[in-house]
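**Q** The following block contains the structure, expressed as structure tokens.
The values are calculated or read from the model by the stated rules, or taken from the named source; none is laboratory data. Worth saying up front: this structure is predicted, and the values here are computed from it rather than measured. Note: ideal-geometry Cβ built from the backbone for every residue, glycine included; neighbour counts use all protein chains shown. With ligands, DNA and RNA removed, areas are computed over all heavy atoms of the protein, side chains included. Shrake-Rupley method; radii C 1.70, N 1.55, O 1.52, S 1.80 Å.
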Amino acid sequence: MAEKMLKFIDIPQRMPEKRDTDERRHDFNEIYREFDDQEARTQASRCSQCGIPFCQVHCPVQNNIPDWLRLTAEGRLEEAYAVSQATNNFPEICGRICPQDRLCEGNCVIEKGFHSVTIGSVEKYITDTAWEKGWVKPVTPAREREESVGIIGGGPAGLAAAEELRRRGYKVTVYDRHDRMGGLLIYGIPGFKLEKDVVMRRTRLLEEAGIELKSNFAVGRDAGLDELRQRHDAVLIATGVYKARDLELPGSGLGGVHQALDYLIAANRKGLGDKVPEFDSGLLDARGKHVVVIGGGDTAMDCVRTAIRQEAASVTCMYRRDRENMPGSMREVRNAEEEGVHFEWLSAPRALLGDDSISGVRAIRMRLSRPDSSGRQTPKPIPETDFTLRADMVIKALGFDPEDVPRLFGCPELEVTRWGTVKIDHRSMMTPLEGVFAAGDIVRGASLVVWGIRDGRDAAENIHKYLLSRRTLQAASA
Ligand code: FAD
Ligand code: SF4
Ligand code: SF4
């Protein structure tokens, strides 16, 4: 077995090929081609099977990476899949969209001088193969249980919790205010990072497992939290964060200035074949426009690359720090640059210009201060460096805060932190309301899909413990 591995010295790192820029700029299909079987085996064999695998330590779901790499290198793919899905409900999704450079691959010990093992691409390959071969099956509980759990939010946190609770035999209902399940996987993240049928085959599988998926059901509108607590023995809040941060600038309310998620949802819906009046009217379509996206995170990268595919006349990303200090994944920045996005680093908007509609962005150059005691550099404006960019469409991608969940759910007893996230006891994941748990971005603040999965799994475990102990107490007092 050992001689099959440790090949990182002789075999160079190879990522799956990217489609040609000229080709991929014109569609919303994923940009990476698949590994073939031989390539996946060869790349997996570069792993040196560390005794203390730092890749695993830095994977939020603690995937047993060395084991599934070894099994892949040995051609034992079905076993590799069994190991990989044991810790991760959606491995093929993480393989596609985790920022691996900051997580598993960024901590691979052979990085120095040799480049890390391509963990994410192998994970994607294993699970895509498992789907092709029919190894991915709906969970079948060993026993059915009486109790039911209601989950508010069908994003990665809610869906991972749903699958884990169903595995333990609970009746599970997921409520989501959208017409499709998946949360940001379906309506936030564009198809060129994550094709939509990859998400939809997962939600179909959950239905096949007996999970009830109630879409078009907004808690706070169609039912209050109290009503759900009456219906279910436990409730999980996994509603994500959706209140867009705004620009406090002159001209922010001009026509043609949009929030990132409105823009991305319209583009995703269009791709899914829906009727989207705001897109069809041209309002949220970047075609032929000079587009400026303000912000430097993953959402901003998704917006600029969407605008490129909609055949904008020009696409500029404006960010107040430099390339090295982008919050977004460096891989996505490189992809955006290749696709023709222009970056205005170290610059910040001062005013949005126009009469009724946007015609330009006045901006100023920035510099970074010396690092403070925490190492962070603050951007400062450089006097008299104003400049103007032409713009017929401006997209604000400045991040998200939580909505006011206690007010929305008509439940003032729910507590929130000073950031507005739902307060939980971090050991039990329960809110101050008996039997009401919370997980995912609504607890952490805007985060990552893989952290949502981890939280959903942990919440399921905690809900299971709670229901077991409640049952024991009821039996004792009967
Ligand atoms: P969400 O995915 O937000 O799901 C919450 C669900 O709750 C939604 O479906 C919503 O409709 C529903 N809901 C909300 N309120 C109610 C209510 N009152 N009643 C019923 N349902 C309700 N992460 C990565 O790891 N990689 C990436 O490449 C990446 N790209 C991103 C790109 C964009 C544009 C954005 C915005 C985020 C991105 N993220 C990425 C972050 C990631 O998508 C989130 O961290 C993750 O989806 C959070 O999961 P969640 O289940 O907590 O919430
Ligand atoms: Fe890496 Fe994400 Fe997969 Fe973990 S889940 S191994 S962090 S790609
Ligand atoms: Fe293999 Fe790198 Fe993980 Fe070590 S850190 S087990 S070499 S993938």
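**Q** Among bridges DSSP assigns within the chain, what percent are antiparallel (round to 5)? Let's see the in-between values first.
**A** Details: 19 of 51 bridges.
Antiparallel: roughly 35 percent of the beta bridges in the chain.
**Q** Of all the accessible heavy-atom surface of the range 251-398, with the other protein chains kept in place and a 1.4 Å probe, what percent is carbon and sulfur?
**A** Roughly 47 percent of what the probe reaches on the range 251-398 is carbon or sulfur.
**Q** Return, ordered by residue number, the residues of the range 429-443 whose backbone nitrogen is under 20 Å from a label point located 7 Å along Cα→Cβ of Q230.
**A** 433-437
**Q** Test of understanding: extend the Cα→C-beta vector of R390 to 7 Å, then name every residue of the range 354-376 with backbone N under 20 Å from that spot.
**A** Backbone N within reach: 354-364.
**Q** Just list whichever of K270/K465; K270/K423; K193/K214; K270/K396; K289/K423; K18/K137 have alpha carbons separated by over 32 Å in the model shown. Mind showing how you got there, number by number?
**A** Values: K270/K465 43 Å; K270/K423 36 Å; K193/K214 26 Å; K270/K396 20 Å; K289/K423 43 Å; K18/K137 30 Å.
Among K270/K465; K270/K423; K193/K214; K270/K396; K289/K423; K18/K137, the Cα-Cα distance tops 32 Å for K270/K465; K270/K423; K289/K423.
**Q** Select from the chain the helices, each a whole stretch of DSSP H, whose alpha-carbon atoms run 20 Å or more along the helix axis and whose Kyte-Doolittle mean is at least -1.0; answer none if there are none.
**A** Working: long enough: 119-133 (21 Å, -0.54); 449-477 (42 Å, -0.41).
For the chain, where a helix must reach 20 Å along its axis and average at least -1.0, the hits are 119-133, 449-477.
**Q** Net charge near C411: determine it from the other residues with C-beta under 12 Å of the C-beta of C411, scoring Lys and Arg +1 and Asp and Glu -1. Show your work: numbers first, answer last.
**A** Numbers: positive: R229, R407; negative: D226, E227, D404, E413, E415.
Local charge sum for C411: -3.
**Q** Then there is this: Quick check: residue separation of S357 and Q49 times 0.36 nm, minus the Cα distance between them. What number comes out in nm?
**A** On the way: separation 308, 0.36 × 308 = 110.88 nm, distance 5.82 nm.
This chain segment gains 105.1 nm when fully extended.
**Q** Multiply the residue gap between N29 and M330 by 0.36 nm, knock off their C-alpha separation, and tell me the result in nm, one decimal place.
**A** Numbers: separation 301, 0.36 × 301 = 108.36 nm, distance 2.03 nm.
Difference between extended and current length: 106.3 nm.
**Q** Could you give the distance between the Cα centres of the range 29-77 and the range 183-202, to the whole Å?
**A** Using only Cα atoms to place each centre, the spacing works out to 23 Å.
**Q** Now a separate question. Which value in deg cm²/dmol, rounded to the nearest 500, describes the helix-derived mean residue ellipticity at 222 nm for the chain, given -39,500 (n - 2.57) per DSSP H run of n ≥ 4 and division by the residue count? Spell out each step's value before the answer.
**A** On the way: 19 runs with 172 residues, N = 478.
Only helices count here, giving -10000 deg cm²/dmol.
**Q** Ignoring everything but the protein chains, give the 1.4 Å probe accessible area of M5 in square angstrom, nearest 10.
**A** Probe radius 1.4 Å; accessible area of M5 about 10 Å².
**Q** Given charges of +1 on the Cβ of Lys and Arg and -1 on the Cβ of Asp and Glu, with all other atoms neutral, how large is the dipole of the chain about its Cα centre, in debye to the nearest 20?
**A** On the way: 68 positive and 73 negative charges, 159 e Å.
Value, rounded to 20: 760 debye.
**Q** Okay, moving on. Using packing as a proxy for protection, rank 413-425, 439-451, 252-264, 200-212 so that the peptide with the highest average count of other Cβ atoms within 10 Å comes first. Walk me through the intermediate numbers first.
**A** Details: 413-425: 15.1, 439-451: 23.5, 252-264: 19.0, 200-212: 17.2.
Sorting 413-425, 439-451, 252-264, 200-212 by mean packing, highest first, produces 439-451, 252-264, 200-212, 413-425.
**Q** While we're on this one: Before I look further, what does the range 358-478 give for accessible area per residue, probe 1.4 Å, in whole square angstrom? Walk me through the numbers on the way to the answer.
**A** Working: 6490 Å² over 121 residues.
Using a 1.4 Å probe on heavy atoms only, each residue of the range 358-478 averages 54 Å².
**Q** Estimate the FRET efficiency between S374 and A478 by the formula 1/(1 + (r/R0)^6), using the beta-carbon distance for r and 41 Å for R0, to the nearest 0.05.
**A** On the way: r = 56 Å, r/R0 = 1.36.
Taking R0 as 41 Å, the efficiency between S374 and A478 is 0.15.
**Q** Largest first, what is the accessible-area ranking of H26, H426 with a 1.4 Å probe?
**A** Details: H26 110, H426 150 Å².
Greatest to least solvent exposure: H426, H26.
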